[in-house]
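A short write-up of the structure that comes next.
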Amino acid sequence: MIASGAEPDRRLSVAPMMARTDRHERYLLRLITRRTLLYTEMVSAGALVNGDAARLLAFHRAEHPLALQVGGSHPPEMAHCARLAEAAGFDEININVGCPSARVRDGRFGACLMAEPRRVGRCVRAMRDAGALPVTVKTRIGIDDRDSYVLLREFVRIVADSGCRTFIIHARKAWLNGLSPAQNRTLPPLRYDRVYRLKQDLPELEIVLNGGIHDLESVPEHLARVDGVMIGREAYRNPYLLSVADRAVFGEDGEAPTREEVALRFLPYLRAELARGTPLAALTRHLLGLYQSRPGARRWRRSLTEGACRPGAGAQLLLDALELVKPRTPETAVPGAPARWPGSRPSEGPKPESAAAFRSG
């Protein structure tokens, strides 16, 4: 866990994704990468203030570093959320100013707030005054016809004047009318140049790039122009791509765990969650992409998907699925991955335990 008030290392992070980055998925990702910053699914401020905050904020201590994303626009509510997040032990709280869905817009938060930078600034100020937790903003490069670089820079400047030093910029504008949230992830063109320019014009701010990043090979090029890179759905579809992140991005020594080791280390967590009453399918669905593009991947996915629905199915399902994807030759992480990318900083960290140690324990 990061000390209160300290800033997480945002050189690489996984985006908040509804119905994807729940606590089970985050625990899985943490078995693959120890250093990549993880974000929760977006939680509405209203749900935290009026609902079961303890349940909504629950996470495993192994998930650190971990940021909470909140959707809201009422400063007192957002301040209350910041206090809750700090008390729960999160390392950062993030304001959603990027979601284009009509439901979110009706709640007066998400991407529509790009038209109200001073309101966002008031939320930031209230949240910063509420405690020591770092407050960040995730936004777009624009909305509808408000999509010029001048308007983007003005939005960031106004919010920064309220105390926000970190902006995660999805390099697509959002169409609030006429496109679905899924279409808003692909149809508006990516404009990395605007995010790069924002960093150049406002060098005192931390700028993290998001949108359309599907591999780690492009990360060094982006890091030469911005402070961090956030990966979205590719990290869910193919989570093992993050296996080289600790070494290549953060400069740590040690080999990445194999896919089999990741699955075996997930097994005790799966058993504990089953004992708490968590449905098996809620756990195994996050494992479906672990063997993406590997021999036997289809058998792996089918075994987990069909098996999780069978009455009486339990942890043995995962062990049986592993038998279907046993590698014929020793598995490496990502062939050709550099030991360390330019600009990465060496750091000490725990070394991954061996599969033999896992089994003997």
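The values are calculated or read from the model by the stated rules, or taken from the named source; none is laboratory data. Just so we're clear, the structure is a prediction, and the values are computed from it rather than from any experiment. Here the Cβ positions follow ideal geometry from the backbone for every residue, glycine too, while neighbour counts run over all protein chains shown.
Couple of notes before you dig in:
- Looking at Arg20, Arg108, Arg103, just one residue is of a type in the set (Lys, Arg), under 12 Å from the mean Cα position of the chain (by Cα) and either outside the structural domain of His286 (by TED's automatic domain parsing) or part of a strand (DSSP E or B) (or both), and that residue is Arg20.
- Contact map, the stretch 9-35: first residue within 17 Å of Leu264 (Cα to Cα), second residue modelled with pLDDT of 95 or more and among the polar types (S, T, N, Q), Cβ cut-off under 6 Å, separation 6 or more or different chains; pairs are Ile32/Ser243.
- Between Ala256, Ala282, Ala321, the distinction of being within 25 Å of the chain's Cα centre (by Cα), assigned to a helix (DSSP H, G or I) and either not hydroxyl-bearing (Ser, Thr, Tyr) or not assigned by TED's automatic domain parsing to the domain that holds Thr33 (or both) belongs to Ala282 only.
- Flag if Pro220 is in the same structural domain as Arg165 (by TED's automatic domain parsing), more than 27 Å from Asp22 (Cα to Cα) and outside any helix (DSSP H, G or I): no
- Only listed residue being assigned by TED's automatic domain parsing to the domain that holds Gly142, at pLDDT 95 or above, at positive phi and not acidic (Asp, Glu), chosen from Gly228, Gly163: Gly163
- The stretch 33-59, subset farther than 28 Å from Val249 by Cβ and of a type outside the set (A, V, I, L, M, F, W, C), residue nearest to the chain's Cα centre (by Cα): Ser44
- Boolean, Ala79 is of a type outside the set (Lys, Arg), crowded, with 24+ Cβ neighbours inside 10 Å and assigned by TED's automatic domain parsing to the domain that holds Thr166: no
- Candidates in the stretch 111-150 are the residues that are assigned to a helix (DSSP H, G or I) and within 15 Å of Arg172 (Cβ to Cβ); of these, the one that is modelled with the lowest pLDDT is Ala111.
- When residues of the stretch 256-268 are limited to those that are surrounded by fewer than 18 Cβ atoms within 10 Å (Cβ to Cβ) and in contact with a helix residue (DSSP H, G or I) (Cβ under 8 Å, 6 or more places away or on another chain), the one nearest to Ile32 (Cα to Cα): Glu260
- Residue satisfying condition, being surrounded by 19 or more Cβ atoms within 10 Å (Cβ to Cβ), closer than 30 Å to Leu288 by Cα, within 20 Å of the chain's Cα centre (by Cα) and not basic (Lys, Arg), within set Val219, Val226: Val219
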